[in-house]
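Inspection log for the structure reproduced underneath, given as structure tokens.
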């Protein structure tokens, strides 16, 4: 498979997994308010190629049972069309398994840690998990997410993921770091 196809596959899978990986089982979006926003920068390395993406998530609608997030992204200088995602708040939320029909999630640890992002310290809760799935694609990923209750929208401050994704007979190893760059209410 050509490098460009691998990168596209990584970007597509990342875009699908991103909203799933950043929230804990207790959905913090229940506390989000219309108009709140959060911005991130994501650095991804796959097959020796580095990519950068900026992303802004804004709460554009909310009612008693759902919330709608608008995601605006720019990748390597190219702006992508905004996407609205409706998330149900009155249903169990399984962030690590959604999108996979056979995912197995293994908690690897959790705790508290103060981390500094963008020159500001955040008192965070962190959780680390391993996710293994084969459908719709074979993925073996380890993700660590730091969240802070004082951060709007999802509460996510930082995320680090290392994954191995199989496509055919080839395996693509990916490292991704995502950090908050700004937020507002």
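The values are calculated or read from the model by the stated rules, or taken from the named source; none is laboratory data. Quick caveat: nothing in here was measured; it's all calculated off a predicted structure. Note that each Cβ is placed from the backbone with ideal geometry, even for glycine, and that neighbours are counted across all protein chains shown.
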Residues 123, 61: which one is in contact with a strand residue (DSSP E or B) (Cβ under 6 Å, 6 or more places away or on another chain), over 21 Å from residue 180 (Cβ atoms) and free of Cβ contacts under 8 Å to residues at least 60 places away in the same chain? 61
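For every residue, the table says whether it meets (1) crowded, with 17+ Cβ neighbours inside 10 Å; (2) at pLDDT below 95.
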residue	(1), (2)
17	yes, yes
22	yes, yes
31	no, yes
37	yes, no
45	no, yes
49	no, yes
52	no, yes
66	no, yes
Considering the range 74-91 alone, what residues qualify as being in contact with a strand residue (DSSP E or B) (Cβ under 8 Å, 6 or more places away or on another chain), under 17 Å from residue 42 (Cα atoms) and modelled with pLDDT under 90? 75, 76
Out of the range 100-112, which residues are surrounded by 13 or more Cβ atoms within 10 Å (Cβ to Cβ) and modelled with pLDDT of 90 or more? 110
Single condition residue 133 does not satisfy, out of (1) surrounded by 15 or more Cβ atoms within 10 Å (Cβ to Cβ); (2) over 28 Å from residue 101 (Cβ atoms); (3) more than 14 Å from the chain's Cα centre (by Cα): (2)
Go over the candidates 97, 71 one by one and state the one that is in contact with a strand residue (DSSP E or B) (Cβ under 7 Å, 6 or more places away or on another chain) and either on the phi > 0 side of the Ramachandran plot or at pLDDT below 90 (or both). 97
Sort out which residues of the range 136-160 are farther than 21 Å from residue 60 by Cα, in contact with a helix residue (DSSP H, G or I) (Cβ under 9 Å, 6 or more places away or on another chain) and in a strand (DSSP E or B), and write them in order of number. 139, 141, 143, 145, 147, 159
